[in-house]
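J.: This structure is in structure tokens; I'll ask about it shortly.
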Amino acid sequence: MKYGINIFATEYTAQPDELGRQVEARGFESLWFPEHTHIPAARLAPWAGGPVLPREYYYSYDPFVACTAAAVATSEIKIGTGICLVIQHHPISMAKAVATVDRISNGRFLFGIGGGWNWEEVQHHGTHFKTRWRLLRERVLAMKELWTEEEAEYHGEFVDFEASIMNPKPVQKPHPPIYMGGDGPTTFDRVIEFCDGWFPIARGSVPPSLAGKVTDLRRRAEAAGRDPDALSISLFNCPATREAVDEAQRAGVDRVIFGVTPEEPAKVWQALDERAKLMG
């Protein structure tokens, strides 16, 4: 089992470089930063966590900048986006950002992605919420071309560019691992087609259906000609209890990621210490 930390990088909590050093010093495997470019003032989209959107959603740093700061300050831990809202980025510039962070970190970047829930935020970026998954698919496939081909081109419904040269290429080959967030009826289709793992989320407890879904994902991956054991399962926002970690492991999870609230540094360090006790 691998253990990670997820925290919003903001101006009012410990900064990403110090977060990286503190997470690494405690022996965690990875550090993950969420993304929200902005929050529309007249938001109507419901948040799954309740009626009040927490303060950190309004103050989150750019995840690629935060990942870079954490990477420069560390030498061993992996740095990831948890999650990057792919549908809010242009694929060419995003491909360069991912490759650059992977270069600066010497191959320690993990690319967690998703489609988002805040439809107003998504639409401010010119994306229709109902077509966001088709757009995400094309952007990921286009980025794979840019990461792996000396001259890359892509021609799709939403993404279209002629033969182009983009450098740097990622250190990790063929590219940093891509983990798909979400738990909808077509999530596994995306995982199997163009991802390297699945990012289910725990909302207060380990989902009772998780073990069955992991089994189903591995069965479908094998049927599609993929190595089912090569797919990573990372439980996002795993409850910080021994029981939850053990339950996740029994379900087939190979990485648990504990959420930490962005508060004053002393409280963050205390939360890290508490979660570090669960690593065994």
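The values are calculated or read from the model by the stated rules, or taken from the named source; none is laboratory data. Since the structure is predicted, the reported quantities are computational estimates derived from the model, not experimental observations. A quick note on method: Cβ atoms are made from the backbone with ideal geometry, for glycine too, and the neighbour counts reach across all protein chains shown. Only protein heavy atoms, including side chains, enter the accessible area calculation; ligands, DNA and RNA are left aside. Shrake-Rupley method; radii C 1.70, N 1.55, O 1.52, S 1.80 Å.
J.: I'd like the distance separating the alpha-carbon centroids of the stretch 231-261 and the stretch 64-105, in whole Å.
T.: About 23 Å separates the Cα centre of the stretch 231-261 from the one of the stretch 64-105.
J.: Excluding Ala70 itself, calculate the net charge of residues whose Cβ lies under 13 Å from the Cβ of Ala70, where each Lys or Arg counts +1 and each Asp or Glu counts -1.
T.: Within the 13 Å Cβ shell, the charges total -2.
J.: Let me ask something else about it. Whole number in Å², please: accessible area per residue of the chain, 1.4 Å probe, ligands, DNA and RNA not counted. Please report the intermediate quantities before stating the final value.
T.: On the way: 12430 Å² over 280 residues.
Solvent-accessible surface per residue comes out at 44 Å².
J.: Summarise the accessible area of the chain (1.4 Å probe, protein heavy atoms) by the percent that is carbon and sulfur. Don't skip to the end; give the middle numbers.
T.: Values: 6370 of 12430 Å².
Carbon with sulfur: 51 percent of the solvent-accessible area.
J.: So in the chain, what percent of DSSP beta bridges are antiparallel if you round to the nearest 5? Each step should come with its number before you reach the end.
T.: Details: 4 of 33 bridges.
The answer is about 10 percent antiparallel.
J.: Which whole-number percent is the relative contact order of the stretch 148-205 (Cα, under 8 Å, 6+ apart)?
T.: Numbers: 57 pairs, mean separation 14.1, N = 58.
24 percent.
J.: Please turn the phi angles of the stretch 206-213 into ³J(HN,Hα) values with the Karplus equation 6.51 cos²θ - 1.76 cosθ + 1.60 (θ = phi - 60°), one per residue in order, whole Hz, x for glycine and proline.
T.: Coupling constants for the stretch 206-213: 6, x, x, 8, 4, 4, x, 5 Hz.
J.: I need to check one value: relative contact order of the chain, counting alpha carbon pairs closer than 8 Å and at least 6 residues apart, in percent.
T.: Numbers: 537 pairs, mean separation 56.9, N = 280.
So the answer I get is 20 percent.
J.: Given labels modelled 7 Å from the Cα in the Cβ direction, how far is it in nm from Glu193 to Ser205?
T.: It works out to 3.4 nm between the two label points.
J.: Taking 32 Å as the cut-off for C-alpha to C-alpha distance, list the pairs among Lys96/Lys267; Lys78/Lys267; Lys173/Lys277; Lys96/Lys277 that go past it.
T.: Table pairs above 32 Å Cα-Cα are Lys96/Lys267; Lys173/Lys277; Lys96/Lys277.
J.: Given labels modelled 7 Å from the Cα in the Cβ direction, how far is it in nm from Thr148 to Ala266?
T.: Each label point is offset 7 Å from its Cα along the Cβ direction, giving 5.1 nm.
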